[in-house]
1. Could you name the lysines whose alpha carbon sits less than 23 Å from that of LYS69, not counting residues in the same chain fewer than 8 places away?
2. If contacts are Cα pairs under 8 angstrom and at least 6 residues apart, what is the relative contact order of the chain in percent?
3. Relative to the longest principal Cα axis of the chain, at what angle does helix 429-441 sit, 0 to 90 degrees, rounded to 10?
4. Roughly how many Å is it from the Cα centre of segment 404-467 to that of segment 160-231, as a whole number?
5. Below 15 Å, Cα to Cα, which aspartates and glutamates can LYS402 reach? Residues fewer than 8 away in the same chain don't count.
6. With a cut-off of at most 13 other beta carbons within 10 Å, and DSSP calling the residue loop, which GluC sites (Glu not before Pro) in segment 67-134 qualify? Please list them.
7. Place a point 7 Å from Cα of LEU141 in the direction of its Cβ. Which residues in segment 56-98 have their backbone N less than 19 Å from it?
8. Which Cα, out of TYR404, ALA305, THR394, lies furthest along the positive dipole direction of the chain (beta carbon charges, K/R +1, D/E -1)?
Amino acid sequence: MSAVRRVTLIRGDGIGPEITEAVVRIFEAARVPIEWEEAYAGLACYQEHGTPLPQATIDSILRNGVALKGPTTTPVGEGFKSVNVTIRKALDLFANVRPAKSLPGIVTRYGNVDLIVVRENIEDTYGGIEHVQTPDVVQTLRIITRQGSALVHRYAFEMARRLGRRRVTCVHKANIHKYADGLFLESFREVARDYPDIVADDIIVDNACMQLVVRPETFDVLVLPNLFGDIVSDLCAGLVGGLGVAPGGNIGRYHAVFEAVHGSAPDIAGKGVANPTALLLSALQMLDHMGLSSYARCIEQALHATLKAGVLTRDLGGSATTRAFTDAIIARLDTSHCADSSDGSSRASVILVEPPPPQPSQQWQCIGADVFVEWNDTTTVPAMPEQVGPLTLTMISNRGTKIYPPPIPPITMVNWYRCRYIASGPIENSAVVALLEELIRRSIRWMHVELLAECNGTPMFSKAQGE
Ligand code: NAI
């Protein structure tokens, strides 16, 4: 007799209640040893409780360790933070795991796709650190860390080993983003050394997209930074039949939230035609995570048999309603081989990965600063002081291209200039403060400063195009 495990259930908005009900019914019919604890999130929750994500919902996931979540609507406009992003950050769900596997009975261009996308889930441009620097120029900071990278890489290798996968491929853009993607790739190579049984290779993201649509069957496990992972995982969903069949799991060290890749589909909400397959596959991923794999395989077989028999929802070219499709799966369930192979804990197969310790910067020396200024005559170079104390103006760039020292190349310039000041040796921060004071004295508006450091002669910053 299995111990009954409690799992948080968030039904969500739009088609959420319809598809979560389908999963609840299938689980009940398969006698999965799970007890649902209902919690609320999303737009309807906001309208009813004044918040899209009550603390009680976070507490429920913290308590249970595992949640199944229907899609939630994020209205476009101010003041409404995406529930998904908030949950990921609040619970430190650092890996987004999206399998893309060809399903029987679903006609696509490819018949044999079986890959898993592991997307870093916290960092990159998703830190949401944005600044309007001038009325014409906006900046988003792309943050990649050694710790965040190592966590997702180690998870990808551990997961690959557990699932008997043979290859993990790091997808990046280190040829252009030498520092950010460079760190992601360096961390991948470091972690890969601990997994000699698994082939570790890497590919540039644009080439990966091309290869994925030409030869998707050659990929196994892919690990990517957040933004590339967001895009590439949707591409992979398209390889196997689209959003209606794309599952996902958000995994942290201690908690996991499983949800379909798709949204709340307001265009078909309440019509009874939504495809519950993506959420069902996410729920099966959850069962695997909890060590209830025999239940997952039994439901998977019934799903495959249903699809093979041509019972398809409208998005896949069929005419079955959500209810009829769910009934067809239930009718094909054979639970005689289901057994609980876990240790009885909801966190049965949490893969414990630890981030590496911080590396201090005490070897670093400050040798200058990049000062970003507004200058509205965009046909000329800003009248910056050439020397302030130990700091010499060595370069000015506009949108990344060097415009000083001359000549000015024939580029479209905007009212946002990066002015690079370098000293001949290490300097104190007070030298940079003196530079900023001089700019204030000259009424030159600066809005952003980056200190430039060197470590044993190696610069810790990139050069401008043409520098
Ligand atoms: P969407 O994924 O909801 O819909 C895109 C298209 O796919 C629509 O035509 C829809 O009818 C169809 N579709 C999606 N899931 C389907 C299913 N299970 N069965 C049949 N057809 C399906 O994306 P959209 O319209 O951009 O977003 C709607 C709302 O969902 C937005 O508020 C968005 O912020 C939110 N959203 C929530 C997510 C989540 O909670 N995980 C993820 C993505 C979007």
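Every read-out reported here was derived from the displayed coordinates using simple, explicitly stated rules and does not represent laboratory data. Please read all numbers here as calculations on a predicted model, not as lab measurements. FYI the Cβ positions are ideal-geometry reconstructions off the backbone, even for glycines, and counts take in every protein chain you see.
1. LYS69 reaches LYS81, LYS89, LYS101, LYS271.
2. Details: 957 pairs, mean separation 76.6, N = 467.
In percent, rounded to a whole number, it is 16.
3. Orientation of helix 429-441: about 70 degrees from the principal axis.
4. 35 Å
5. The reachable aspartates and glutamates, counting only those whose Cα sits under 15 Å from LYS402, are ASP370, GLU467.
6. Values: sites: GLU78, GLU120, GLU123, GLU130; in loops: GLU78, GLU123.
For GluC sites (Glu not before Pro) across segment 67-134 that sit outside H, G, I, E and B with at most 13 neighbouring Cβ atoms in 10 Å, the list reads GLU78.
7. Hits in segment 56-98 for LEU141 at 19 Å: 86, 89-90.
8. ALA305
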